[in-house]
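Enquirer: What follows is a structure written as structure tokens; I'll ask about it next.
The values are calculated or read from the model by the stated rules, or taken from the named source; none is laboratory data. Remember, predicted model here, so these are calculated numbers, not experimental data. For neighbour counting, all protein chains shown are included, and Cβ atoms are generated from backbone atoms with ideal geometry for every residue, glycine included. Ligands, DNA and RNA are stripped out before the accessible areas are found, and what is left, the full protein with its side chains, is counted by its heavy atoms. Shrake-Rupley method; radii C 1.70, N 1.55, O 1.52, S 1.80 Å.
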Amino acid sequence: MAESNTDTKSSNQMWGGRFASGPDAIMEEINASIGFDKKLFAQDIRGSIAHATMLAHQGIISAEDKDKIVHGLNTILSEIESGNFEFSRRLEDIHMNIEARLATLIGPAAGRLHTARSRNDQVALDFRLWVKEELEKTERMLTGLIAAFLDRAEEHAESVMPGFTHLQTAQPVTFGHHCMAYVEMFGRDRSRVRHAIEHLDESPIGAAALAGTGYPIDRHMTAQALGFREPTRNSIDTVSDRDFAIEFLSIAAITGMHLSRLAEEIVIWSTPQFGFVRLSDAFSTGSSIMPQKKNPDAAELVRAKTGRINGSLVALLTIMKGLPLAYSKDMQEDKEQVFDAAESLELAIAAMTGMVRDMTVNTQRMKAAAGSGYSTATDLADWLVREAGLPFRDAHHVTGRAVALAESKGCDLAELPLADLQAIHSAITDKVYNVLTVEASVASRKSFGGTAPSEVRKQIAFWRARN
């Protein structure tokens, strides 16, 4: 008896806490996905309606049963959307929850819906539909972000600011040109989104468990009904891969990285030391103890979201690594990563679009900073090549001596007397002062894609036409 009591006590400790009822409770907990895959309810119902319609068209089920199924599914859709549907963990997932409710509503006809399909191709369909819709949403949001940058670029096509390398002042550029750099980045992100939509635009339904089905189904019909280009071409691949989800996460990670770089610049630019931009209270918070503080919390949180998105990508890559064909239960762990990353990405893009439109740009502070750090030194070297005929390496050396002299005198290059410059190299004339201002430096950069205001406006026109 004592041994029995000990064993019972040990068992209770082993399965204790929320798993007090033993191994069955653990299996239910680890197996259930309804807590997160209920997000797929609309896609599941849409796919089931298309499947039932095709089955009836092919004579596999009766038109009467199809009508009952479609009516029942639409009733369930209304119940879920209105918050009157009770999800059950005992029924594991969204598919079984809907199927059980359908049986309650329409009786035996509900059992015909699962003809010629499996939960394997059913979940692949639902997930593809969800990811496709999310990619389309991401495309629209990126278009909005690009539009915000185009407006700011047009507004500041001539506003001079320092261009940086190594976060050190390098050469003067315009703020409009800097904005257009992000237009290019987010434009490439949007292009990746469009390619991803093209890659996943194939319907999985009809692949069944892994081998297809012996029923005379029409997969092209369901593909068309669901808005896919065509059906998938290999039933094993259809149910065994999640590369469409991984591609979404990789795009989200790249886009998040671009958003994070922008967020970091906003954080830096909004410091008193820089003072290039100011965010309104809509995107800032104060300090609980320091009343003078105005913190760019929205930008900081966008920066942090990137780490969360990266984690989702690594997690799903790791989940899929080494899985044998075809379906394995490991793949149930795919959705939470994608759902979380999608939510983070949406929020980050929306926040950044708001900040780009909201921020006040201090053009005077930018212009003053643009001339610091001898940012027109390259212009002096280029002038020596162009006007004095020096090889660039010699011109580079001469310019370095001029910068050293200016540093020793505590002045800018444009403030050095002509006699001092001529003492460094006799070919220098007073015409050199025409290129030593930041405005002249920026205006001279007329190469394609350069920072000259005329070139910036050309690129804005190009992107307006394609956005």
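Enquirer: Stretch Ala100-Glu439 to full length: gain in nm at 0.36 nm per residue minus the Cα-Cα span?
Expert: Residue separation times 0.36 nm, minus the Cα-Cα distance, leaves 114.9 nm.
Enquirer: Can you list residues from other chains, or at least 5 along the same chain, whose modelled amide H is less than 5 Å from the amide H of Met161?
Expert: Hits under the 5 Å cutoff: Val173, Thr174, Phe175.
Enquirer: For all pairs of alpha-carbon atoms in segment 73-229, what percent lies in each bin of width 10 Å, listed from the first bin to the last filled one?
Expert: Histogram of Cα-Cα distances, whole percents per bin: 9, 23, 24, 16, 12, 11, 5, 0.
Enquirer: Pull up the cross-link candidates among the aspartates and glutamates for Lys294, meaning alpha carbon to alpha carbon under 14 Å and not fewer than 8 places away within one chain.
Expert: Output for Lys294: Asp281.
Enquirer: A further question follows. Could you pull the Cα extents of segment 32-112 along its three principal axes, largest to smallest, in whole Å?
Expert: The Cα atoms of segment 32-112 stretch 36, 21, 18 Å along the principal axes, largest first.
Enquirer: While we're here: Compactness ratio of segment 146-289: Cα Rg over 2.2 N^0.38 Å, N = residue count?
Expert: Compared with the compact-globule rule of thumb, segment 146-289 sits at 1.61.
Enquirer: What value, in deg cm²/dmol to 500, does the helix sum -39500 (n - 2.57) over DSSP H runs of n ≥ 4 give at 222 nm once divided by the residues of the chain?
Expert: It comes out at -20500 deg cm²/dmol, rounded to the nearest 500.
Enquirer: Based on Cα positions only, what radius of gyration and what Dmax would you give for segment 327-405, in angstroms?
Expert: Just the Cα atoms of segment 327-405 yield Rg and Dmax of 25.9, 73 Å.
Enquirer: How many percent of the accessible area of segment 369-461 is carbon or sulfur, using a 1.4 Å probe?
Expert: It is 54 percent, rounded to a whole number.
Enquirer: Considering the convex hull of the alpha carbon atoms of the chain, report its projected area averaged over all viewing directions, in nm², one decimal.
Expert: Projected area, direction-averaged: 34.6 nm².
Enquirer: Using packing as a proxy for protection, rank 340-352, 76-88 so that the peptide with the highest average count of other Cβ atoms within 10 Å comes first.
Expert: Put in order of decreasing packing, that is 340-352, 76-88.
Enquirer: At q = 0.09, 0.22 Å⁻¹, what log₁₀ I(q)/I(0) does segment 262-379 have when each alpha carbon counts as one equal point scatterer in the Debye sum?
Expert: After summing over all Cα pairs, the log10 values are -0.42, -1.16.
Enquirer: Further question: Kindly point out which whole DSSP H helices in the chain project their C-alpha atoms 30 angstrom or further along the helix axis while averaging a Kyte-Doolittle hydropathy of 0.5 or above.
Expert: The qualifying helices are 243-269, 297-320.
Enquirer: Still on this model: Sort 34-47, 100-113 for me by packing, meaning the mean count of neighbouring Cβ atoms within 10 Å per residue, highest on top.
Expert: Most protected by this proxy first, the peptides run 34-47, 100-113.
Enquirer: Give me the Kirkwood hydrodynamic radius of segment 369-461, using the inverse of the mean 1/r over all pairs of distinct Cα atoms, in Å to one decimal.
Expert: With all distinct Cα pairs of segment 369-461 included, I get 13.8 Å.
Enquirer: Quick check on packing: order 159-165, 120-126 by the mean number of other C-beta atoms within 10 Å, highest mean leading.
Expert: The most tightly packed comes first, giving 120-126, 159-165.
Enquirer: Here's something else I'd like to know. State which entries of Lys305/Lys458; Lys367/Lys446; Lys39/Lys329; Lys305/Lys367 exceed 27 angstrom in Cα-Cα distance in the structure shown.
Expert: Listed pairs above 27 Å: Lys305/Lys458; Lys305/Lys367.
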